[in-house]
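Here the structure is laid out as structure tokens; the discussion comes afterwards.
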Amino acid sequence: MKTRTIRLGAGAGYAGDRIEPAIELAARGALDYLIFECLAERTIGLAQQARAANPDTGFDPLLGDRFRAVLPACRAQAVRIITNMGAANPVGAAAVVRDLAREMGLNGLRVAAVTGDDVLAEVARGHYVLDETGEASAALGDRLVSANAYIGAAPIVQALTEGADVVITGRAADPALFLAPLVHAFAWADDDWTRLGAGTVVGHLLECAGQVTGGYFADPGVKDVPDLARLGFPLAEVHADGTAVITKVAGSGGRVTRATCKEQLLYEIHDPSAYLTPDVTADFTRVRLDDDGEDRVRVTGGTGRARPDTLKVSVGYRDGYIGEGQISYAGAGAVARARLAGDIVTTRLGLAGVDVAELRRDLIGIDALHGAVAAGRSGDPYEVRLRVAARTRTAGDARRVANEVESLYTNGPAGGGGATIAVREVLAVASTFMPRDRVRCRVVIEEA
């Protein structure tokens, strides 16, 4: 077993994340691995839709920009890259990276594509129950767009063992992207639940990138964070026992403290004693965070127990349309005029017989986030923006909702302006669970 420290850098925390912090990590982070986590539940469904329209797409649209920015430094310093930017098309994404490497003169780059997370055919013909609705997956019929299982670290480890410099996956679990290089580097057994749990804690702390260096933490005057415009992304120095130090590149913006790490540790955790992943049931309840110098937090105490027998599957399906319109009112009586405008739109939709499944009327800045609780506060603002949005079964009805808001320009209360309208199809996301033996991953490595 290797005893050296492995340095993992978080190059992105979501699909549209900044690229500059990853460049900084690649050039100055002294990394072993740079990891880009760029998939959300809805992102994979949108990627499947894009690939259905054009088989040459379906991967992260920023893939080329990110790799062009970091490949030279990563190649020069032997930094290996792991990412789920393959989305619905890891093979196509790998081909893009190989072509880019050749174009940049980085010949010999070994790029792996991990497939197998796409389980659409199995879900379409099976009787899997959607966790949120109780509906059978087969009942969705042609509304079903995507079904992707959350795969774990094992195929990524395989790719690294076979010499891949770059590993591109589809829907891998977020912490698995960070756990895999640790399993590979330290030769952790696939049933070493304690170390797998500790590695998952590290992955969870890094997976959202700038959140743990103060981005989502910042609250002026309450939780001040310096130089947010130059926010640095985190890296972890991980030891063979799974303990780690979370830090960032010296001189980069943001900060790493026990408080920033505590907030990220609790992020999206339902049961801290049973954080379910494809690799381990991680236990966060004994995690300790201790100061280890400026912008350095030591993480210990992560553990775990046997992994679940099933894998979570993210299911995307068409669920109607949304028609939306917004319009602003200002001056004396702005709130009353905006409320009257909302009443007019609601009445008009009823008179026209528009089939509305759900309807929202929000006064942005007053009740859009907290409803009636916030709306009762005293003092009307001088300006307010009305938003009306409805979910409908047809695009035509959605368009009617949007148009009714726009018509307030001349047919509603005085002073409306700045109207915007939009109609879009709803891609809903639900979850189901599949026996892990029905998900078979494959690793393909080709050289640039």
extent check for the range 1-119: Cα max minus min per principal axis, descending, whole Å, gives 44, 32, 30
Per principal axis, largest first, the Cα atoms of the range 248-373 extend in Å by 62, 42, 28
One can check that the equivalent ellipsoid of the chain, built from the alpha-carbon gyration tensor with semi-axes equal to the square roots of five times its eigenvalues, has lengths in Å, largest first, of 42, 27, 22
Once you place label points 7 Å from the Cα toward the Cβ at A229 and R68, how far apart are they in nm? 2.6 nm
Rh (Kirkwood; distinct C-alpha pairs) - the range 315-430, Å: 14.5 Å
Sort out for me the Cα centre separation of the range 388-446 from the range 65-87, rounded to whole Å. 33 Å
Which Rg and Dmax, in Å, describe the Cα atoms of the range 117-225? 18.6, 55
Computed FRET value (nearest 0.05) for I269 with A336, which takes r as the C-beta separation and R₀ as 35 Å: 0.20
What percent of all Cα-Cα pairs in the range 267-311 falls into each 10 Å bin, going from 0 up to the bin containing the maximum distance? 27, 42, 24, 7, 0
Potential lengthening between N411 and R286 on full extension [0.36 nm per residue; Cα-Cα distance subtracted]: 38.8 nm
In the range 185-293, the trypsin sites (Lys or Arg not before Pro) that sit in a DSSP loop and have at most 15 other Cβ atoms within 10 Å of their own Cβ are R286
What are the semi-axes of the equivalent ellipsoid of the range 228-275, taken as the square roots of 5 times the eigenvalues of the Cα gyration tensor, listed largest first and rounded to whole Å? 23, 16, 7
Relative contact order for the range 184-332, counting Cα pairs under 8 Å that sit 6 or more residues apart, in percent: 25 percent
Value of [θ]222 nm, deg cm²/dmol, for the chain, DSSP H segments ≥ 4, -39500 (n - 2.57) each, nearest 500: -9000 deg cm²/dmol
Could you check the spin-label model distance between L427 and D99? Points 7 Å from the Cα along Cα→Cβ, value in nm. 2.2 nm
Taking K262 as the anchor, which aspartates and glutamates have their alpha carbon closer than 17 Å to its alpha carbon, excluding any fewer than eight residues away along the same chain? E207, D219, D224, D271, D283, D290, D291, D292, E294, D295
May I have the extent of the alpha carbons of the range 186-340 along their three principal axes, as whole Å values ordered from largest to smallest? 66, 43, 23
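Every number here is computed from the coordinates shown, using simple stated rules; none is lab data. In this text the structure is predicted, and so the values were computed from the model without any measurement. Cβ atoms come from the backbone with ideal geometry, glycine included; neighbour counts cover every protein chain shown.
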